[in-house]
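First up is the structure itself, then whatever we jot down about it.
The values are calculated or read from the model by the stated rules, or taken from the named source; none is laboratory data. A quick note: this is a predicted structure, and the numbers were derived from the prediction, not measured. Neighbour counts are summed over all protein chains in view; Cβ atoms, including those assigned to glycine, are modelled from backbone coordinates with ideal geometry. In case anyone asks, the SASA skips ligands and DNA or RNA and just uses the protein heavy atoms, side chains included. Shrake-Rupley method; radii C 1.70, N 1.55, O 1.52, S 1.80 Å.
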Amino acid sequence: MSDVAYADAGRMVLDALSGILPPERLNVPAWAAKKRWMNNAGGGIVGQYSHEVAPYTFAPSEDLTKLEYLNVALVGPGQVAKTVVAENLLGYSIDVSPANLLWYMQTDLGIESYVKGRINPFIDDHECLWSKQGKRPADDSLHFKKFTGMQVEFLAFGPSTIINKSAPLIVADEIDNYQWLGDVKPVLDVRRQTFGRQSMVLAMSHPDMARGLNPARDWTSGIMAYYADSTRGVWYWECPHCGCWSSPAPIAARPMTLEFPRDPDVPLDVVAAEAHLLCPNSCVVEDHHRKAMNLGAFRHAHGGWIREGQELTEGGELRGEIVPRETSGYWITGTMSPFVIGGIGTLARNYVKAQRALEAGDEEGEASLRQVVVKQWGVPYSPKRAVGSVEATELVDRCEAELKLQTVAHGVRVLTVGVDCQAWGWEYLVRGWGRGGESWIVDHGRIAGMNPKTGKPVDPATSPDEWDLLLDVFGRAYPLADGSGRVMKIRAMAYDSQGAPGVATQAYAAFKRWRRAGKARMIGQIGKRDVWTIIPTKGSTKLSSPRLIVSYPDTAREANKAAARGEVPQGQFNPNLFKDALTGHLKAAEPGDWYVHFPAGLKAPPPADVHPWFEQLCAEHQLPSGAWEKIRSGARNEVLDLMVLNHVVAHLHGLHRIDWTSPPGWVADWDDNPAVFHPEQMAAEAAAAAADPTSAAERIAAKLASGG
């Protein structure tokens, strides 16, 4: 019998069929999970690729093959696995769905390093890739690689490398560092336009070209221009302590912030050791929780990412629909990354080190701080500004001896009051406004100690009786400076509705009482916002939030259960924008539009050379992110907050919209102003009203119609 070996007929049939079978139905993340092998010979991850290492890369990888998107934009710092997404796209394209690919980088030197160090080993480690590579020498170089049905070119972005180039797939890596004047997006669009919706651009970069967090003003080129016109995905994860869902992205509705010691005398090692994340409910979240938080977000129904048009409640309920965009955008921050050596402590340490160098006058301090913020934190950098942008001593020197506290100065047309809630009670500030937004400080005081009406200690968190003391402030009328005996009453009050547990409940309940009593009433709409005489307020923690909106909270949270849709308005404002505006007002050199007048009574009495009122007014400075924070830990900033609250309520009432050549009655001159009256005359009218209710009702109606 012959010992000649014969071919297996069954195997031959299977091999023949494999050549005509349709490709395996995989998308990019499925291909990576099934076929990619990680082989970091120098250390790091070795083994089967897992999305659970950097789960925030799954969704952008998935979108690379969705026909509804023409672009995927990845914003983020270095070493957060952005490029891994591009590598997975490359592997998928070679193995499953061949299509020519252009991969643009910054320089030829960068290409040489990356292709030799990452791409070549990536191909060599995967039989499904190297088996499809051309065998000729020309098919495998640093800049060009040929595979079955496709080719890949690695190019330094520039005029000579974009001419006559086109491909359905384009990877644009670190676009904010291209040596290119202008926006790269239109240039890249031309390179793939003939392929229509079968094309895809994957744009990635840290946000070097952005100038801040205002999309309209600061995101005009580079990766943030892509992101601005995208679905604007931000990552949401769950606090391990209270279960509140929030985001490490600075533009999120509920951000989780990175906190660390700010005192300049704290050693850098202590800064790193004490760094932690802080959830919106003030829970301290330590570094070791981040891995589980990332995984929990990935496994949640929303997959971790919330896009424009969607809302994730604090309890994790997903609402709304994604706003359709041609670009799918994702913002990865440094605090999300599992690859930062030393974790968030390193991010904090590096930031403080660079910040101190800048403040010490180091010539490279600005550049170092920018590098940390952009390339490690993954946040756009804004040039650092001076403390408060105004010095307290400069404002003290501007105090006017002729101005008296608790007196309405010449020029004041309307009074507002802002009230800040503290654990011990309330602090209030009355501000008078005139033509062009010029303003005067009229009164400043506290409600603390014992409630004179009940004999109980003032406690905003537990007792409704103390909240009614705010009506005493709102109901005040201040004498005019002309000596006529006339007084001006306050038009509107904004009060802080947030604070210690229990404060929100009392704040909303108080408003409902005041509304029933006719003290808090809506007087119309201005700029599509409901205008109220009294309104609870809340400062937004989202840097890109609108300047001011009036909403009607509807929440099931126990702490806020007094709030119900349609019953309690809330003035939600962007404190950063109002503080920006206040800085401009305080820097005005001469009386006129938006100038602020200070009575001499605000100064500390002699021989003091430190004036707490003005120190509080200048207690904050602006961070590179655009947010404002205290200059030093423990600094008092109540006066600053009260100035802002007054501006918020004046803005709500349309102060900025007034045509002063023909002003409305509520800001008329004193003789025609409905808020100005003589107390004795008012008493006489009250007596007449008691005798003739019908005529009193007519007078009241007329007064209300005039804005009084």
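Looking only at the stretch 223-242, count how many residues are farther than 18 Å from residue 326 by Cβ, open to solvent by less than 20 Å² (accessible area, probe 1.4 Å) and over 17 Å from the mean Cα position of the chain (by Cα). Spell out how you get there, then give the answer.
Here is the first cut: in the stretch 223-242, the residues farther than 18 Å from residue 326 by Cβ are 234-242.
Subsequent filtering for residues that are open to solvent by less than 20 Å² (accessible area, probe 1.4 Å) retains 234-237, 239.
This time we only want the ones that are over 17 Å from the mean Cα position of the chain (by Cα), so: 239.
So the answer is 1.
Can you name the residue in the stretch 165-188 that is farther than 20 Å from residue 330 by Cβ and of a type outside the set (A, V, I, L, M) and, of all such residues, is most open to solvent (accessible area, probe 1.4 Å)?
Step one: filter the stretch 165-188 for residues farther than 20 Å from residue 330 by Cβ, giving 165-168, 178-182, 186-187.
Now narrow it down to the ones that are of a type outside the set (A, V, I, L, M): 165-166, 168, 178-180, 182, 186.
Values: 165: 50, 166: 68, 168: 16, 178: 16, 179: 147, 180: 66, 182: 45, 186: 73 Å².
Looking at the filtered set, the residue picked out is 179.
What residue, of 117, 91, is free of Cβ contacts under 8 Å to residues at least 24 places away in the same chain and either aliphatic (A, V, I, L, M) or over 21 Å from residue 187 (Cβ atoms) (or both)?
On the way: 91 fails: free of Cβ contacts under 8 Å to residues at least 24 places away in the same chain.
When all the criteria are applied, what remains is 117.
Counting only residues that are surrounded by fewer than 21 Cβ atoms within 10 Å (Cβ to Cβ), give me the strands (runs of 3 or more DSSP E) lying completely in the stretch 46-148 with at least 2 of them.
On the way: elements: 46-48, 71-75, 101-105, 144-147.
Once the strands (runs of 3 or more DSSP E) in the stretch 46-148 are filtered for at least 2 residues that are surrounded by fewer than 21 Cβ atoms within 10 Å (Cβ to Cβ), what remains is 46-48, 144-147.
Does residue 359 satisfy the criteria of being modelled with pLDDT of 95 or more, open to solvent by 40 Å² or more (accessible area, probe 1.4 Å) and not basic (Lys, Arg)? Step through it out loud before you land on a result.
Details: modelled with pLDDT of 95 or more: no; open to solvent by 40 Å² or more (accessible area, probe 1.4 Å): yes; not basic (Lys, Arg): yes.
When the stated conditions are applied, residue 359 does not pass them.
For residue 12, which of the numbered conditions (1) open to solvent by 70 Å² or more (accessible area, probe 1.4 Å); (2) modelled with pLDDT of 60 or more; (3) farther than 25 Å from residue 200 by Cα; (4) not in a helix (DSSP H, G or I) fails to hold?
The single condition residue 12 does not satisfy is (4).
Is there a residue in the stretch 492-512 that is within 30 Å of residue 409 (Cβ to Cβ), open to solvent by 50 Å² or more (accessible area, probe 1.4 Å) and either modelled with pLDDT under 90 or not β-branched (Val, Ile, Thr) (or both)?
Taking every residue of the stretch 492-512 in turn, none turns out to be within 30 Å of residue 409 (Cβ to Cβ), open to solvent by 50 Å² or more (accessible area, probe 1.4 Å) and either modelled with pLDDT under 90 or not β-branched (Val, Ile, Thr) (or both).
Has the stretch 327-343 got any residue that is more than 22 Å from the chain's Cα centre (by Cα), in a helix (DSSP H, G or I) and closer than 24 Å to residue 280 by Cβ? Let's see the steps before the verdict.
So the first thing to find is which residues in the stretch 327-343 are more than 22 Å from the chain's Cα centre (by Cα), and the list is 338-343.
From the residues that got through so far, the ones that are in a helix (DSSP H, G or I) too are 343.
Those still in the list that are closer than 24 Å to residue 280 by Cβ too: 343.
Looking through the stretch 327-343, at least one residue is more than 22 Å from the chain's Cα centre (by Cα), in a helix (DSSP H, G or I) and closer than 24 Å to residue 280 by Cβ.
Conditions (1) at pLDDT below 90; (2) closer than 20 Å to residue 645 by Cα; (3) open to solvent by less than 30 Å² (accessible area, probe 1.4 Å), marked per residue:
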| position | (1), (2), (3) |
| --- | --- |
| 517 | no, no, no |
| 538 | no, yes, no |
| 541 | yes, yes, no |
| 556 | yes, no, no |
| 559 | yes, no, no |
| 568 | no, yes, yes |
| 575 | no, yes, yes |
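Taking the stretch 230-272 on its own, how many of its residues are part of a helix (DSSP H, G or I) and free of Cβ contacts under 8 Å to residues at least 24 places away in the same chain?
Taking the stretch 230-272 first, the residues part of a helix (DSSP H, G or I) are 268-272.
From what's left, free of Cβ contacts under 8 Å to residues at least 24 places away in the same chain: 270.
Within the stretch 230-272, residues that are part of a helix (DSSP H, G or I) and free of Cβ contacts under 8 Å to residues at least 24 places away in the same chain number 1.
For the stretch 285-301, indicate whether the set of residues that are of a type in the set (Phe, Trp, Tyr) and under 30 Å from residue 185 (Cβ atoms) is non-empty. Quick ask: steps written out before the conclusion?
Taking the stretch 285-301 and keeping what is of a type in the set (Phe, Trp, Tyr), we get 298.
This time we only want the ones that are under 30 Å from residue 185 (Cβ atoms), so: 298.
Within the stretch 285-301, one or more residues are of a type in the set (Phe, Trp, Tyr) and under 30 Å from residue 185 (Cβ atoms).
Output the strands (runs of 3 or more DSSP E) that fall wholly within the stretch 409-478 and possess 3 or more residues being farther than 18 Å from residue 648 by Cβ and in contact with an Asp or Glu (Cβ under 9 Å, 6 or more places away or on another chain), or say none.
Numbers: elements: 414-422, 425-433, 439-448.
The qualifying strands (runs of 3 or more DSSP E) are 439-448.
Can you run down the residue pairs with Cβ atoms below 7 Å, 6 or more apart or on separate chains, where the first is in the stretch 155-184 and closer than 12 Å to residue 222 by Cβ and the partner is open to solvent by 40 Å² or more (accessible area, probe 1.4 Å)?
174/106; 176/209; 177/106; 178/106
Cβ-Cβ distance below 6 Å, separation of 6 or more or different chains: which pairs start in the stretch 202-226 with a residue that is at positive phi and in a loop (DSSP other than H, G, I, E, B) and end on one that is open to solvent by less than 30 Å² (accessible area, probe 1.4 Å) and modelled with pLDDT under 85?
Listed by first residue and then by second, the contacts come to 212/218; 212/382; 212/626.
Please give the number of the condition residue 405 fails out of (1) modelled with pLDDT of 95 or more; (2) within 30 Å of residue 605 (Cα to Cα); (3) crowded, with 19+ Cβ neighbours inside 10 Å.
(3)
I want to confirm something. Restricting to the stretch 426-453 and keeping residues that are over 30 Å from residue 400 (Cα atoms) and touching a residue at least 12 places away in the same chain (Cβ under 8 Å), which single residue is most open to solvent (accessible area, probe 1.4 Å)?
At the first step, the residues of the stretch 426-453 found to be over 30 Å from residue 400 (Cα atoms) are 449-453.
Add one more test, that the residue is touching a residue at least 12 places away in the same chain (Cβ under 8 Å), and what stays is 449, 451, 453.
On the way: 449: 44, 451: 2, 453: 142 Å².
If we take residues in the stretch 426-453 being over 30 Å from residue 400 (Cα atoms) and touching a residue at least 12 places away in the same chain (Cβ under 8 Å), then 453 is most open to solvent (accessible area, probe 1.4 Å).
What residue, among those in the stretch 580-627 that are outside any loop (DSSP other than H, G, I, E, B) and among the acidic types (Asp, Glu), is least open to solvent (accessible area, probe 1.4 Å)?
So the first thing to find is which residues in the stretch 580-627 are outside any loop (DSSP other than H, G, I, E, B), and the list is 580-587, 596-597, 599-602, 612-617, 620-622.
Retained after the next criterion (residues that are among the acidic types (Asp, Glu)): 580, 615, 620.
Values: 580: 55, 615: 80, 620: 10 Å².
Out of the qualifying residues, it is 620.
Within the stretch 283-323, track down each residue that is open to solvent by less than 30 Å² (accessible area, probe 1.4 Å) and assigned to a helix (DSSP H, G or I). Working first, answer last.
Within the stretch 283-323, the subset open to solvent by less than 30 Å² (accessible area, probe 1.4 Å) is 283, 285, 290, 293-295, 297, 302-306, 312-313, 316.
290, 293, 294, 295, 297 - these are the residues of the stretch 283-323 that are open to solvent by less than 30 Å² (accessible area, probe 1.4 Å) and assigned to a helix (DSSP H, G or I).
List pairs: first residue in the stretch 631-660 and over 21 Å from residue 521 (Cα atoms), second residue open to solvent by 20 Å² or more (accessible area, probe 1.4 Å) and of a type in the set (Asp, Glu) anywhere in the structure, Cβ distance under 6 angstrom, at least six positions apart or on different chains.
Within 6 Å, the pairs are 633/263.
Can you tell me which residues in the stretch 479-491 are outside any loop (DSSP other than H, G, I, E, B) and surrounded by fewer than 16 Cβ atoms within 10 Å (Cβ to Cβ)? Let's see the steps before the verdict.
First, pick out the residues of the stretch 479-491 that are outside any loop (DSSP other than H, G, I, E, B): 479-480, 487-489.
If the condition is that a residue be outside any loop (DSSP other than H, G, I, E, B) and surrounded by fewer than 16 Cβ atoms within 10 Å (Cβ to Cβ), then no residue fits.
Looking only at the stretch 324-339, how many residues end up being open to solvent by 40 Å² or more (accessible area, probe 1.4 Å) and of a type outside the set (Phe, Trp, Tyr)?
Here is the first cut: in the stretch 324-339, the residues open to solvent by 40 Å² or more (accessible area, probe 1.4 Å) are 324-326, 338-339.
This time we only want the ones that are of a type outside the set (Phe, Trp, Tyr), so: 324-326, 338.
Total meeting the criteria: 4.
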